[in-house]
C-alpha cells in the first residue's frame, strides 16, 4: 500500500501484523491542518545498544527529528533526568546522536537533525523502495556517533547480506 494524499507520494509500505494489531496508535491526518494533508505517524525510536525503544505516538510529518531529540535527550539535563538505561550519559542532544531509517530494500538512510518525516519519505523513494509501516508505526534507529554507530551499521550490513 502506498500512502497518497493530495497527489503527494509518501512511499510508505504497509506491513500488516499477522497476529493483528496491539498498537493503540494509528496514522492519522492532522485535524489542525486546514488542507487535511499533513499526516501524523506513530514512530518508534530504537536503541539497539540497549535493546530498548521509545514510542512517539504523534510525530507530525513536518516536524524535524532534531525537535524530538531535543525533548527526549535535553542537552543540559542532570543525570537524574536521563533515560534510566543511559547509565553512561551518551544519549544527549549535543550533535553526538545519529538517526537511521531502514527501507524496504534494506538501504540505510542517515537522517539529519533538520530532516522531517516528509524529507525521509522522499529520500526512501525510488525503485519501488520506501519506508515500512509495521503495525501502524515507522521505526528509526538512534545511536551515538563513533564506535556504537559503526558496530550497529556493520551488524546491519552483515545481517542484510545474510538475508539476501
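The values are calculated or read from the model by the stated rules, or taken from the named source; none is laboratory data. Since we're looking at a predicted model, the values are computed, not measured. In this analysis, Cβ positions are derived from the backbone assuming ideal geometry, glycine residues included, and neighbour counts consider all displayed protein chains.
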Check: Considering only region 118-132, how many residues are in contact with a strand residue (DSSP E or B) (Cβ under 6 Å, 6 or more places away or on another chain), buried (at least 20 other Cβ atoms within 10 Å of the Cβ) and assigned to a helix (DSSP H, G or I)?
Finding: 2
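For residue 135, are the conditions met, namely being crowded, with 17+ Cβ neighbours inside 10 Å and modelled with pLDDT under 90?
yes
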Notebook entry, point to check: Which of (1) in contact (Cβ under 8 Å) with a residue 60 or more places away in the chain; (2) surrounded by fewer than 18 Cβ atoms within 10 Å (Cβ to Cβ); (3) in contact with a helix residue (DSSP H, G or I) (Cβ under 6 Å, 6 or more places away or on another chain) is the odd one out, the single condition residue 55 does not satisfy?
Noted result: (3)
Notebook entry, point to check: Can you spot a residue in region 77-85 that is farther than 22 Å from residue 151 by Cβ, touching a strand residue (DSSP E or B) at 6+ places or on another chain (Cβ under 6 Å) and either modelled with pLDDT of 90 or more or in a loop (DSSP other than H, G, I, E, B) (or both)?
Noted result: no
Notebook entry, point to check: Can you tell me which residues in region 1-46 are at pLDDT 75 or above, surrounded by fewer than 18 Cβ atoms within 10 Å (Cβ to Cβ) and at positive phi?
Noted result: 36
Next item on the list: Answer yes or no as to whether residue 105 is closer than 16 Å to residue 149 by Cα, out of contact with any helix residue (DSSP H, G or I) (no Cβ under 6 Å at 6 or more places or on another chain) and in a loop (DSSP other than H, G, I, E, B).
Entry: no
Checklist line | Test set (1) under 19 Å from residue 122 (Cβ atoms); (2) touching a helix residue (DSSP H, G or I) at 6+ places or on another chain (Cβ under 8 Å) - residue 35 fails condition number | finding: (2)
Next item on the list: Would you be able to say whether some residue in region 106-114 is more than 17 Å from residue 12 (Cβ to Cβ) and free of Cβ contacts under 8 Å to residues at least 24 places away in the same chain?
Entry: yes
